Amino acid sequence: MSGKPAAALVIQGPQRFAERLIAWQREHGRHGLPWQASRDPYRVWLSEIMLQQTQVSVVAAYYARFLQRFPSVRELAAASLDEVLALWSGLGYYRRARHLHQCAQQVCTLNGGEFPRSAEALRQLAGIGRSTAAAIAAFCHGERAAILDGNVKRVLSRAYAMPQQTSEAAAQRALWHLAEALVPDRDVAAYTQGLMDLGATVCKPRNPACGQCPFGDDCRTRGAEDPEGSGPNAMAARPWVAARRKPAAPRRTQRWILLWAEDVRAAAPSIWLERRGAAGIWPGLWCLPQFDTHEQALHHAGLLGVVQSHDALAPSTHALTHLDLQLSPLRVRIEPRPAVHEDSGAWFPLRAALELGLPAPVRSLLQGHGPDDDAVIVSGTVGH
DNA sequence: TACGCGTGGGC
DNA sequence: TGCCCAAGCGT
C-alpha cells in the first residue's frame, strides 16, 4: 500500500474523519443542486432514484419535468405506468421507473401518502436499496445511516488504503463496515452530502484534485505511485477492482432487424409499435418489432397488412453496458388489414409515438436523426 | 452470488 | 476513438 504507518493517520477515528468532511462540505460542497432545495421526502426520494448510476447533469432536466407533472407522490401514484415510462424515456435502467411507480403506490396505499422515516422501513419499498434508503433517511431526518455509492467507495478506499480482498463480496462487506463506522452522531446530512461531493468534485476517478482535499496528506493513497489505480496499487484507488477481476468478457454484438412499418393510407405517417415485455432490455417500453432476419420481419409485416414496398436502412450501433446492438431498420409501407388486433401492438401517428416511452435509439430513429439517417441499403417493391 | 439492466459525459 | 464510469437494485 502507501507505506505510511497507521500511526501517522490523523483521520483517526470516526469523529475526526466526519468533522473534517462536514467542515469541508459546508465551505466547498455543492449546495445548489435542484433537489437540495427541500427536504421533502418525495423530492429527495425522486432524485435519489433518478441518480442511481446516472450523472447529475443528465438527471436535472428529468427531475424538473417529473416534479412539474407529479408535484406529489399522490399524482405519481395515480398516473399510468405508461405515462411514467414516457417521462422516463431516455434516462435508462427502465426498471427504476416501474419501481418508482410501484413505490409511489405503496406509499399511498400502505402509508397514507407519507414516506416512512427510518432507513429500515424505506428499504422495504420497491426500488429502494440499502444505500438509497440511508440517503433519504439521512437527508430528510438526519438518521445515522450509511450510504455506499461509487463516490463513497472511492473516497474511503483511497483515504484508508483498504487492503486487497479476496472477493468482490468481501470488498463490499469491508467498505460497508467502514462506511457504517464513520457516520457521525450529528450533522449526518452534511456528512453524507460531503462524501458525495468530495468524490464527485475532488476525489475523482481520474485526476483527483488532492490539493483541495480536506484530508490532505493523511490520505493513505495520496502520493502513492499510482493514485489513479491502473498499476499495482490499483485496489486502493479503484475499489471496483478490489477483488481479482475476472477476465474481461469479450464484448458481444447482437444484430436486430427493426420493423419500421408505416401505414400508407394515413395522411400523416402512422407507425406500428409493440410494447416490450417486463423482462430483459427496455421492459415495458414501446418499440419497433424486433427480429433476427429480414424474412421474419417481412413475414410479420405481412400479418399487419399488404406490403407495398420495403427499404433496408443503414444499420446503426447502440452501445449498452455489456453489449453492442447493431440495429438495422427495415422500413415497410403497408396497407393495414382492417382488423389487425394484437394484444401488444398498435398503430400510432408519428407525433403520438414520440410521446410514448421509447428506447433512446428508437426515438432517435423515428425523429430522423439517427447516425446514418435514411441511407437506403436495399429496396424492394411488392405487388406489381 | 454474480449478473443484467441504459444512456451519455468525459478524457 | 474506445473506454471508464455514474447518488445501485433486484434477482
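Read the figures in this text as sums done on the coordinates, not as results from a lab. None of the values given here were measured: they were computed from a predicted structure. Cβ sites come from the backbone with ideal geometry, for glycine too, and all protein chains shown count toward neighbours.
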- Query: Given H placed on each backbone N at 1.01 Å, which residues far from residue A:308 in sequence or on other chains put an amide H within less than 5 Å of it?
  - Reply: A:333, A:334, A:335
- Query: Using r as the Cβ-Cβ distance of residue A:19 and residue A:53, and R0 as 35 Å, what FRET efficiency do you calculate, to the nearest 0.05?
  - Reply: 0.70
- Task: Please find the FRET efficiency linking residue A:337 to residue A:82, where r is the Cβ-Cβ separation and R0 is fixed at 35 Å, and quote it to the nearest 0.05.
- Result: 0.90
- A:38, A:57, A:47, A:309 arranged by Cβ crowding within 10 Å, fewest neighbours leading: A:57, A:38, A:309, A:47
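Can you give the FRET efficiency to the nearest 0.05 for residue A:266 and residue A:170, using r as the Cβ-Cβ distance and R₀ = 56 Å?
E(calc), rounded to 0.05, equals 0.40.
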- Note on the structure: So, with points 7 Å from each Cα along the Cβ direction, the residue A:109-residue A:350 label distance in nm works out to 4.1
- Message: Please report the net charge: other residues with Cβ closer than 12 Å to the Cβ of residue A:151, K and R +1, D and E -1.
- Response: +3
